[in-house]
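Note sheet for the following structure.
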Amino acid sequence: MATPNAPGERASQEPQTQHQQARSVLFTGILIGIGIAGFVDETLFHQLLQWHTFYWATNEHGRILSDGFFHLFSTLLLLWSLLRVWRGRAHWRDASGPLLVAGILMGAGGFNFYDGIIQHVLLHFHLVNERVCDIGVTHGNNSLANCPQDIPYEIVWDSIGFIVLAIGFLLWRRNRRM
């Protein structure tokens, strides 16, 4: 019977441990990417440019409240992911950097692409730039059918999200074996 320290047993456990570490690093990167994308979206598009709010089809109080919950979510996600980096850094290998970057790109791009396709097009929560819409025509129904002026913004938004997601995926494929 082999002892726990037998060379053959230890060697067979190393690839599994490396695989678990790689998954942990990638998952942490994805969380960071989602948090960063949410933070940038909230800060730039919701607050500074005031192009949209998280949920447009309500009164001003409801829009501010929905933005507050969105900001809280992205901030908590960033804090959780940074806690994962702090706690996991001792166990991660030196080669973890490219996987973390791949995860960040996948998280940020995936968030942006999800936001554009699901929240903008399918659920009609908001559009990229609701300020180009005629409020008299939309009456809070901010579908692209009611605001075709927003279509160029949507195309750019979704394209950027898809490109960042694809770059992250390609970087992950190239570096997935730590």
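For the reader, a short list of remarks on this structure follows.
- Per-pair calculated FRET efficiency, R0 = 45 Å: HIS91 and LEU44 via Cβ, rounded to 0.05: 0.80
- Nearest-0.05 FRET efficiency for PHE169 and LEU65, computed from C-beta distance (R0 25 Å): 0.10
- Computed label-point distance, nm, for sites VAL132 and THR75 using a 7 Å Cα→Cβ extension: 3.1 nm
- With the cut-off at under 20 Å, measuring from each backbone N in region 60-88 to a point 7 Å along the Cα-to-Cβ line of LEU123 picks out 60-78.
- Take every pair of alpha-carbon atoms less than 8 Å apart whose residues are at least six positions apart; their mean separation over the length of region 21-175 yields a relative contact order of 32 percent.
- Nearest-0.05 FRET efficiency for LEU82 and ALA145, computed from C-beta distance (R0 45 Å): 0.65
- In plain terms, the bigger the Kirkwood radius, the slower the diffusion; for region 21-175, with that radius from Cα pairs, at 20 °C and 1.002 mPa s, Stokes-Einstein puts D at 131 µm²/s.
No value in this document is a laboratory result; all are computed from the given coordinates. This structure is a prediction, so every number in the text was calculated from the model and none was measured. For neighbour counting, all protein chains shown are included, and Cβ atoms are generated from backbone atoms with ideal geometry for every residue, glycine included.
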